[in-house]
Structures are given as structure tokens and as C-alpha cells.
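Dropping the structure in here first, questions after.
Laboratory data are not the source of any read-out in this text; all were calculated from the coordinates shown. None of these values were measured; they are calculated from a predicted model. All Cβ positions, glycine included, derive from the backbone under ideal geometry; neighbour counts span all protein chains shown.
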């Protein structure tokens with residue numbers, strides 16, 4: 001009885017090339033899907049903000065407070081950070097009835113609010 005030899009691929013890199021091509025296609029699809037979801041969310045949140053009577057921060061206006069969505073300024077909306085690293089304006093942070101970070105809910109005191117300028 002003749003010996004059975006294992007199959008040897010004449011181009012051993014072909015499977016690796018195919019796997020890389022498949023992975024690249026998947027990454028492209030995921031990027032397009034993410035861009036589509038981001039656009040949909042931006043429209044939905046913008047619509048919700050308008051319905052609530054809140055003005056959307058403009059992209060060219062720079063960063064805005066996470067609580068009131070107003071842009072930071074040097075008069076009454078000083079940009080501040082907490083020990084957890086989340087940022088909001090001084091007016092909102094000092095005016096919170098419960099001293100909990102609006103993002104992660106970690107406790108803080110007024111003395112722990114750090115003005116960034």
C-alpha cells in the first residue's frame with residue numbers, strides 16, 4: 001500500500017495573505033459602520049438638545065462644559081477639572097446640590113475643584 005503524504009500548499013503564504021485581506025476588509029467595514037453611527041448619534045443628540053431648548057456647542061467654539069454645554073470662558077465659565085480627571089465649568093461644579101462628578105459620580109469637595117487657567 002502506498003504511503004499517504006500530507007498536502008503541501010505550493011504557496012504557504014496564500015492563507016496568510018487571504019487572512020490579512022479579510023481582516024483589512026473587516027476593518028474598513030467597521031470604520032464605515034462607526035462613521036455612520038457617529039453621524040446618526042450627532043443628528044439625534046442635536047435634535048434632542050434643540051427640543052430641550054439647549055443650544056448645541058459649535059465645533060469651532062472649542063470645549064464645552066459637560067453639565068450646561070456652554071463654552072468655557074474667563075468670566076463665569078472657568079474650565080475646571082476634578083481629581084477623577086473629568087472637566088466641567090466652575091459655576092456648574094460649585095452649584096451641584098450633591099458633590100458628585102457629573103460623569104463618573106465620584107465624590108468631591110469644592111476645595112478639590114482645580115481651575116485650569
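Given Cα pairs under 8 Å that are at least 6 residues apart, what percent is the relative contact order of the chain?
Once normalised by length, the contact order is 15 percent.
By how many nm would the segment from residue 44 to residue 67 grow when fully extended, if each residue of separation counts as 0.36 nm and the alpha-carbon distance is taken off?
Length difference between fully extended and current span is 6.4 nm.
Over the alpha-carbon set of the stretch 59-115, work out the extent along each principal axis and list the three values in angstrom, largest first.
Projected onto its principal axes, the Cα set of the stretch 59-115 covers 32, 21, 18 Å.
Something else: Determine the gain in length on full extension of the stretch residue 75-residue 34; use 0.36 nm per residue of separation and subtract their C-alpha separation, reporting nm with one decimal.
This chain segment gains 11.0 nm when fully extended.
In Å and whole numbers, how far do the C-alpha atoms of the chain stretch along each principal axis, longest first?
Cα spread of the chain along its principal axes, largest to smallest: 90, 33, 25 Å.
While we're here: Neighbour counts of other C-beta atoms within 10 Å: give me 4, 113, 43 arranged from fewest to most.
Result, fewest neighbours first: 4, 43, 113.
Using Cβ counts within 10 Å as a stand-in for footprinting exposure, how do 52, 37 rank, fewest first? Display every interim value, and only then the final one.
Values: 52 7, 37 10.
Lowest count first: 52, 37.
I would also like to ask the following. Given springs between every Cα pair under 10 Å in a Gaussian network model of the chain, which of 18, 99, 74 has the largest fluctuation?
Taking springs between Cα atoms under 10 Å, the residue moving most is 18.
Let me ask something else. How large are Rg and Dmax for the stretch 15-56 when only the alpha carbon atoms are used, in Å?
Both quantities, over Cα of the stretch 15-56: 17.5, 57 Å.
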